[in-house]
Amino acid sequence: MDPKHSPFVLIARIRVSPGKVDDYLAIAAEADSAVKETEPGMLMHHFDKDPDDPLQFIWTEIYRDDESLIAHINNPPVQEYGKKHLELAESIEVEIYGTLADKTVDYLTKTWEEAGIPFKYFKTTGVGYYRESAFE
């Protein structure tokens, strides 16, 4: 698979500060709406609540390719969300599952390390597939 044209999954685990859930849901909805309008490479963008912990949430995102993720990170509404996140949440951790180009992994590692965001990349073993027709 060519990593430049391979969809992948990003999971971001968020822990919201006590008493800030409603405010956080508002910034998540605002970011989600902006992403829907400005990022055609974002194939799925969900913000879900942990069933056992009212302060724990998960962003589940499916990207068309590496360029789509880079565009997401640099999208002004997403950067604004990140600033507001710092005021309302205790933590964020990011995991990516799939195939990325080495230069993308290097960029993400550097960017998120500078921001203090733990990042873990689960590189594909080569076992698995995606239906190319679903991403046309």
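Identify the residue in region 106-119 that is in contact (Cβ under 8 Å) with a residue 12 or more places away in the chain and more than 14 Å from the chain's Cα centre (by Cα) and, among all such residues, is nearest to Leu69 (Cα to Cα).
Taking the candidates together, the pick is Tyr107.
Out of all the residues in region 79-124, which are hydrophobic (A, V, I, L, M, F, W, C), in contact with a helix residue (DSSP H, G or I) (Cβ under 7 Å, 6 or more places away or on another chain) and in a strand (DSSP E or B)? Working first, answer last.
Our first condition is that a residue be hydrophobic (A, V, I, L, M, F, W, C); within region 79-124, this holds for 86, 88-89, 92, 94, 96, 100-101, 105, 108, 112, 115, 117, 119, 122.
Subset that is in contact with a helix residue (DSSP H, G or I) (Cβ under 7 Å, 6 or more places away or on another chain): 88-89, 92, 94, 100-101, 119.
Of everything in region 79-124, those that are hydrophobic (A, V, I, L, M, F, W, C), in contact with a helix residue (DSSP H, G or I) (Cβ under 7 Å, 6 or more places away or on another chain) and in a strand (DSSP E or B) turn out to be Ala89, Ile92, Val94, Phe119.
Look through region 60-78, keep the residues that are over 12 Å from the mean Cα position of the chain (by Cα), assigned to a helix (DSSP H, G or I) and not acidic (Asp, Glu), and return whichever of them is nearest to Ser33 (Cα to Cα).
Among those residues, the one meeting the criterion is Pro77.
What pairs come up if the first residue lies in region 68-96 and is in contact (Cβ under 8 Å) with a residue 60 or more places away in the chain, the second is open to solvent by 60 Å² or more (accessible area, probe 1.4 Å), and their beta carbons are under 6 Å apart, counting only those six or more places apart or on different chains?
Close Cβ pairs satisfying both conditions: Leu88/Lys20; Leu88/Asp23; Glu90/Arg15; Ser91/Arg15; Glu93/Arg13; Glu93/Pro118; Glu95/Lys120.
Does region 33-50 hold any residues that are β-branched (Val, Ile, Thr) and open to solvent by 60 Å² or more (accessible area, probe 1.4 Å), and which are they?
Within region 33-50, just Thr38 meets the criteria.
The values are calculated or read from the model by the stated rules, or taken from the named source; none is laboratory data. The shown structure was predicted, so the numbers you read here are calculated from the model rather than taken from an experiment. FYI the Cβ positions are ideal-geometry reconstructions off the backbone, even for glycines, and counts take in every protein chain you see. Surface areas here come from the heavy atoms of the whole protein model, side chains and all, with no ligands, DNA or RNA. Shrake-Rupley method; radii C 1.70, N 1.55, O 1.52, S 1.80 Å.
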